[in-house]
Amino acid sequence: MRMLAERATTEDLPLPESVQGIIAARLDGLRPEEKALLQDAAVIGKVFWLGALEASEQQLHALQQKEFVQRARRSSVEGETEYAFKHLLVRDVAYGQIPRAERAEKHVRTAAWIESFGRPEDHAEMVAHHYASALELANAAGQEIDGLDARTRAALRDAGDRAASLSALTRAERYFSDALDLTPADDEARPELLLRLGRARYLSAWGGVAEFEAARAGFLAAEDRESAAEVALLLADILWSQGNADGARAHLDDARSLVVGRPASRIQASILSEASRYDMLADRNDSAIANGREALRMSEALGLDDIRTHALNNVGAARVAAGDPGGVADLDESIEIASRLNSVADLVRGYNNRGTMKVLLGRIAEAEEDVIEAYRVAVHFGHNGFARWAEGGPLMGNPIQCGRWDEVVERADAFLADVGETGHYQLATAYLFRGLVRLARGDVVGAEQDADRGLEVARPVLDPQILGSALELAAFISLSLGNETRAMETIDEALALLREHRQLGWAVVWLNQLAWVAWRLGRGDELLDAVRNEALESPWLVAARAIAAGDFVRAADIYAEMGTTALEAFNRLCAAEQLVGEGRRAEADEQLRPALAFYRSVGASRYVREGEALLAASA
């Protein structure tokens, strides 16, 4: 069994014969009752307790005098006297001298003694180890111990639950997997074990699809529609993370259909909260707020704080995107509840979404603190799926805005190499951010390739925060490279998307690029019309309107106030070009010098050339 193999100690490793022989000779020199006691202790582990041995301190005294064992100053088990082997090799040789069948029985007795404490949350993994060891040894000896398979399976399941509660996801996955190995295909407990295993893989790396699909089929066969709906929600999130919005929506609809018409329950509240989340991500903010508040009412009535923190997250983000900065307070409350519940997934989402909303509000430095904290928590607790997601997008947001471009390229290269061409929500972001840096540094071919590929992989995602941003950035790169036809096609699509979605959400952050394209193509009025109903009067929107109207100095000043030095430099460069054309050379020089200083510091050869040419013209 994998679990036992990974817990192997040195008794499974070959000892030098001379060392083993010396230790064995010392053990053989003990009185029979002393050797038996030492072997019983060896089964328990390097550390053991008098209660497990059913022995007295007087019986251990001789072994202590002979320096086989030593008494611990404090016991890790309340009310028990604890001892430990002075040398691990002694324990291993003593253990190895016990016949396998006898070892198995001793492991069963040890597990039963630990269970007698009645605190499975503290001892679940120890119990699982002893039962798993007993089962493997009994099988190797051709011995049958009544009920051992069932006890081992239950212990492994409990150990998996305990590990999962501590966010020890790798251990949880192994325990659940071992429990499944002991579960017949037709056993009624199998779907629940599949769900547990799938959830551990989902939390660690957004995996678990095969387990979830099998669990759903099993639950439906057992007519457990609520559990099947729970699985459908998890499948929806996995497909969303892969950039498959249609697949995610299909699974959300599946969950709804499985429990339609049923009374208020945990799963009904979960479905409402997830629907709110997907509405928020798609900038359907009115619907997101309505669904989220209904989920809040239901979760409060049922006492479901874990769903409450999830719903608050969605409502808060949707409120900000819909024009109400007070939504940040909902995100604050979501983080507070998640911290109290030790809900790592909701804590990570809380920090990430609060950071995102702070970006929309122009609070760039604060936003980066939240994004970094979300990533730190995810990495610390092994939520590698989210960590990779953050590496492909949020962690590059502030660096690209503030000129840490080497970091952007390094992160984008690593992310794209890691995920390859498999579907991922953040693929478009990584390509287009790298494309912006390549454009600035004069890599024409690389920038064009990244823009094309970024737009291609953004289309299946459908969420405006991805597709809208991709269209804006791709249009900017195309026009910068002189491909006016491609830029016209892309701005047409981008403007149509902006008109369709009354609220811009994340797409407003990159609206500056589209505003520049619109201004260059004489379509600034169209862009202004497309965003006239935007509810959130963010600094990004104010700056984009200024750009569309040709007021680059105003836009640069707004970006300077936010701390987005890359956008400030670009708009000062545009302002300088405009002022040179108007013969206002002193004013042009005032804009050029800080722009050139920035572009030289980040190796932006394209813009350095443009700036130096303007500097010469303004001299």
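Residue separation times 0.36 nm, minus the C-alpha to C-alpha distance between ALA535 and ARG74: what's the value?
Here the segment from ALA535 to ARG74 would lengthen by 159.7 nm.
Does the stretch 183-262 come out rounded, prolate or oblate by the C-alpha gyration tensor, with a ≥ b ≥ c the root eigenvalues, rounded set by a/c under 1.5 and, if not, prolate when a/b is larger than b/c and oblate if not?
oblate
Quick check on the chain: helices-only [θ] at 222 nm, where DSSP H runs of length 4 and up contribute -39,500 (n - 2.57) each and the sum goes over total residues. Nearest 500, please.
Result for the chain: -24000 deg cm²/dmol, rounded to the nearest 500.
Which trypsin sites (Lys or Arg not before Pro) does the stretch 142-185 hold that lie in a coil by DSSP with at most 16 other beta carbons within 10 Å?
Filter output for the stretch 142-185: empty list.
Positive end of the charge dipole of the stretch 518-619 (Lys, Arg +1 and Asp, Glu -1 on Cβ, about the Cα centre): tell me which of ALA546, GLY611, LEU527 has its Cα farthest that way.
Of the candidates, GLY611 comes out farthest on the positive side.
How much length, in nm to one decimal, is gained on full extension between ASP246 and GLU484, taken as 0.36 nm per residue of separation minus their Cα-Cα distance?
Gain on extension, ASP246 to GLU484, equals 82.5 nm.
Within 15 Å, Cβ to Cβ, of GLY29, how many net charges do the neighbouring residues add up to if Lys/Arg are +1 and Asp/Glu are -1?
Combined, the nearby Lys, Arg, Asp and Glu give 0.
Cα centroid distance between the stretch 570-619 and the stretch 314-343, in Å?
42 Å
Normalised by the number of residues in the chain, what is the relative contact order in percent for Cα pairs under 8 Å and 6+ residues apart?
In percent, rounded to a whole number, it is 8.
Please compute the modelled spin-label separation between LEU521 and ALA586, points set 7 Å along Cα→Cβ, answer in nm with one decimal.
Inter-label distance under the simple model: 3.9 nm.
Considering amide H positions built from the backbone, and no H for Pro or chain starts, which residues 5 or more places from GLU82, or on another chain, come under 5 Å of its amide H?
ALA72
Rounded, prolate or oblate: which fits the stretch 285-403, taking a ≥ b ≥ c as square roots of the Cα gyration tensor eigenvalues, rounded meaning a/c under 1.5, else prolate when a/b beats b/c?
Since a/c reaches 1.5 but b/c is at least a/b, the shape of the stretch 285-403 is classed as oblate.
Taking the chain, how many lysine pairs are there with alpha carbons less than 18 Å apart, if each pair must be eight or more places apart or span two chains?
Taking the chain as the scope, the lysine pair count is 8.
At R0 = 30 Å, how high is the FRET efficiency between ALA365 and GLU336 if r is their beta carbon distance? Nearest 0.05 is fine.
Once rounded, the FRET efficiency stands at 0.85.
So if I place +1 on the C-beta of Lys and Arg and -1 on the C-beta of Asp and Glu, and nothing else carries charge, what would the dipole magnitude of the chain be about its Cα centre? I want it in debye, nearest 20.
880 debye
Under 5 Å between amide H atoms, partner at least 5 residues away or on a different chain: which partners does VAL69 have, H built in plane at 1.01 Å?
GLN64, LYS86
Do you know the relative contact order of the stretch 175-278, to the nearest whole percent, from alpha carbon pairs under 8 angstrom that are 6+ apart?
Here the relative contact order equals 19 percent.
Any chance you could check the Cα centroid distance between the stretch 186-208 and the stretch 389-463 for me, in angstrom?
When both Cα centres are located, 33 Å separates them.
Only the coordinates and a few stated rules stand behind these numbers; no lab work does. Being a predicted model, the structure only gives us computed values, none of them experimental. Neighbour counts are summed over all protein chains in view; Cβ atoms, including those assigned to glycine, are modelled from backbone coordinates with ideal geometry.
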